[in-house]
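The values are calculated or read from the model by the stated rules, or taken from the named source; none is laboratory data. Since we're looking at a predicted model, the values are computed, not measured. Neighbour counts are summed over all protein chains in view; Cβ atoms, including those assigned to glycine, are modelled from backbone coordinates with ideal geometry. For the accessible areas, the whole protein counts, side chains as well, though only heavy atoms, and no ligand, DNA or RNA atoms are used. Shrake-Rupley method; radii C 1.70, N 1.55, O 1.52, S 1.80 Å.
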Amino acid sequence: EELTKPAKQVKARKKPASKGFQALDSYGISEVSQRDQIAAIDREMSPSSAPGMDNLYGIWQTDPWSPEYVGPDDEIPRNEYRNVELALINPGLAHIDLPRVAPIARKLGIPYAPCMLGFEKRAPS
């Protein structure tokens, strides 16, 4: 479901609209001191020093993203498990859903990568 939504990337030189939820120390403080306290929290928290705090970006701060084109002479981009995810297949690549295609491609010297179609949940044995 998440992979069917269009991907986005952050526009150049944009700061996050929010640093996520940050609780304030006290309740009922004035608006001026509240702004000062939020500014102090923002100054002391950088993305590297804030575990679990992700930068949040608005739609106006992002552009549509798609994987880059892969030409005939380019290497096939693979993930750490040495396969390609179907939902993120790069333009220029094709998914061939036929049995025993990998050994044929290997014999012909055609570059290929297995395609990950999804996950199956099985009961532990």
Worksheet item: Looking at the range 76-115, which of its residues are touching a Lys or Arg at 6+ places or on another chain (Cβ under 9 Å) and open to solvent by 50 Å² or more (accessible area, probe 1.4 Å)?
Response: TYR112, PRO114
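With the structure loaded, tell me whether ALA17 is of a type in the set (A, V, I, L, M, F, W, C), at pLDDT below 70 and in contact with a Leu (Cβ under 9 Å, 6 or more places away or on another chain) or whether it fails that test. Reasoning before the result, please.
Working: of a type in the set (A, V, I, L, M, F, W, C): yes; at pLDDT below 70: yes; in contact with a Leu (Cβ under 9 Å, 6 or more places away or on another chain): yes.
Answer is yes for this residue.
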Practice prompt. Pull up the range 94-125, narrow it to residues that are closer than 18 Å to PRO67 by Cβ and under 20 Å from the mean Cα position of the chain (by Cα), then point me to the one that is modelled with the lowest pLDDT.
Written response: LEU117
Discussion item. If I filter the range 34-92 down to residues being of a type in the set (S, T, N, Q) and in a helix (DSSP H, G or I), which single residue comes out as modelled with the highest pLDDT?
Written reply: GLN61
